[in-house]
Amino acid sequence: RANAPIFGIDKEGKVNEWNETSERITGFTKKDTFGKNLVEEFITDDYKEQVKEVLNKALDGKETANFEFPLFTKKGERVMVLLNASSRRDVSGDIVGMLGVGQDITEIDKFRTEADRTAKELTQFIERANAPIFGIDKDGKVNEWNETAQRITGFTKKDTFGKHLVEEFITDDYKKQVNEVLDKALEGDETANFEFPLFTKKGERVMVLLNASSRRDVSGEIIGVLGVGQDITEM
């Protein structure tokens, strides 16, 4: 009755243990699973090889902790389980199978997948936005340079990445002011509607109206600056 999915296999990989929580989260009963090959019948194709390796290791006495893998449910859905795979031994100490004690992390996995999707969408938005967007790390080096930034300056990602933004791409008369704005953003003090000129590859000047925002990691620590601009050269 443990409030965690627990299942076991024999040395041939066939199910010989399947507790109530395993039944509840998958919909498969003991009768459905006993004697069936766990990997072939209940693991999604993209994880079969990895799960087989973990189980074989446990059958050789090498136990694995915190391994993520998906089980099929009776409805054909996917349940993500965080598994601890332990060797199962008889009274004489010989390995007779594997016992898996898991945790249902389906909701966590959904949240993570959604976060990954959102991050990819944000990356695509930045890349294709009809505004120059660039980023720097804490050392002032370029780590973001979208298509519009490329188009208005003539500099590609390859030209800019890893280069110091202010030293390489800002006109001398604005270096100090731009440095101040970026340093403020690196301290969490953001600046809106700041005008500054970028050099183009042809040595011309492009005037940009900039919003400088602090860029943070998942723990909230500032790791750089993201600048979203507007080309106001004609103005």
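Farthest towards the positive end of the charge dipole of the stretch 20-73, among the residues 28, 73, 42, is the Cα of 28, using unit charges on the Cβ of Lys, Arg, Asp and Glu. Ranking 160, 64 from most to least accessible surface, computed with a 1.4 Å probe over the protein chains only, gives 64, 160. The largest accessible area among 195, 127, 221 belongs to the first residue in 221, 195, 127, and the rest follow in falling order (1.4 Å probe, all chains). Once all protein chains are placed together, residue 62 keeps about 130 Å² accessible to a 1.4 angstrom probe.
With Cβ to Cβ distances under 11 Å as the rule, what net charge do the other residues near residue 147 carry (K, R +1; D, E -1)? Mind dumping the intermediate values first?
Working: positive: 128, 151, 157; negative: 127.
Residues close to residue 147 contribute a combined charge of +2.
Coupling constants for the stretch 187-192 follow from the phi torsions by the Karplus curve (6.51 cos²θ - 1.76 cosθ + 1.60, θ = phi - 60°), and in residue order they are 9, x, 9, 7, 10, 10 Hz; glycine and proline get x.
Within the accessible area of the chain, the carbon and sulfur atoms contribute 48%, probe 1.4 Å, all protein chains present.
At 222 nm, what value in deg cm²/dmol follows for the chain if DSSP H runs of at least 4 each add -39500 (n - 2.57) and the sum is divided by all its residues, to the nearest 500? Don't jump to the answer; show the numbers that get you there.
On the way: 9 runs with 79 residues, N = 235.
My calculation for the chain gives -9500 deg cm²/dmol from helical runs alone.
Relative contact order of the chain, please, whole-number percent, based on alpha carbon pairs below 8 angstrom and at least 6 residues apart. RCO, the chain: 12 percent. With θ taken as phi - 60° and the Karplus curve 6.51 cos²θ - 1.76 cosθ + 1.60 applied, the whole-hertz 3J(HN,Hα) list for the stretch 198-205 is 9, 6, 9, 5, 8, x, 8, 10 Hz, x standing for glycine and proline.
Net charge of the neighbourhood of residue 96, taken over other residues with C-beta under 14 Å away and scored Lys/Arg +1, Asp/Glu -1, is -2. Applying the criteria of a DSSP loop state and at most 14 other Cβ atoms within 10 Å to the GluC sites (Glu not before Pro) of the stretch 19-110 yields 63, 77.
Counting heavy atoms of the protein chains only and a 1.4 Å probe, report the per residue accessible area for the chain as a whole number of Å². Please list the in-between numbers first.
On the way: 13760 Å² over 235 residues.
I get 59 Å² per residue for this part.
Net charge dipole, the stretch 47-99: roughly 240 debye, given to the nearest 20, about the Cα centre with Cβ charges of +1 for Lys and Arg and -1 for Asp and Glu. Counting only heavy atoms of the protein chains and using a 1.4 Å probe, residue 213 has close to 40 Å² of accessible surface. For residue 64, the residues whose modelled amide H falls within less than 5 Å of its own, excluding neighbours fewer than 5 places apart on the same chain, are 85.
So how strong a dipole does the chain carry about its Cα centre when Lys and Arg Cβ are +1 and Asp and Glu Cβ are -1, to the nearest 20 debye? All intermediate terms of the calculation are to be shown ahead of the outcome.
Details: 35 positive and 45 negative charges, 124 e Å.
Charge dipole of the chain: 600 debye, to the nearest 20.
The values are calculated or read from the model by the stated rules, or taken from the named source; none is laboratory data. Remember, predicted model here, so these are calculated numbers, not experimental data. Cβ: placed from backbone, ideal geometry, glycine included. Neighbour counts: every protein chain shown. Just the protein is used for accessible areas: all its heavy atoms, side chains included, with ligands, DNA and RNA removed. Shrake-Rupley method; radii C 1.70, N 1.55, O 1.52, S 1.80 Å.
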